[in-house]
């Protein structure tokens with residue numbers, strides 16, 4: 001070995017503890033940065049899901065309100081149709097309309 005390589009190897013052997021500590025710090029910093037990045041990504045995904053869930057709830061509530069309104073309108077239509085059928089039946093049978101009959 002040349003003297004340069006030998007002196008480098010001697011320096012590494014003499015400072016092995018320092019090199020190990022520095023390497024451990026670098027690895028620890030890398031793991032911490034990765035932990036923070038993964039945590040941020042998970043938080044973002046969870047908040048997106050929460051927003052999607054909130055949107056779905058609002059949509060469901062809107063649909064329920066629309067369906068309730070439509071159901072009420074349909075109920076009114078059914079009642080009106082029932083009255084129309086009763087009036088038509090009375091006319092066919094030669095009976096007076098319900099209003100004149102006192103019903």
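The values are calculated or read from the model by the stated rules, or taken from the named source; none is laboratory data. Quantities reported herein were computed from a predicted structural model and do not represent experimental measurements. Cβ placement follows ideal geometry from the backbone for every residue including glycine, while neighbour counts extend to all protein chains displayed.
Some observations on this one:
- Applying the set (1) out of contact with any helix residue (DSSP H, G or I) (no Cβ under 9 Å at 6 or more places or on another chain); (2) at pLDDT below 85; (3) surrounded by 10 or more Cβ atoms within 10 Å (Cβ to Cβ) to residue 97 leaves exactly one unmet item: (1).
- Residue match in segment 32-46 (condition: surrounded by 10 or more Cβ atoms within 10 Å (Cβ to Cβ) and more than 31 Å from the chain's Cα centre (by Cα)): no
- Verdict on residue 86 being modelled with pLDDT of 90 or more and in contact with a helix residue (DSSP H, G or I) (Cβ under 7 Å, 6 or more places away or on another chain): yes
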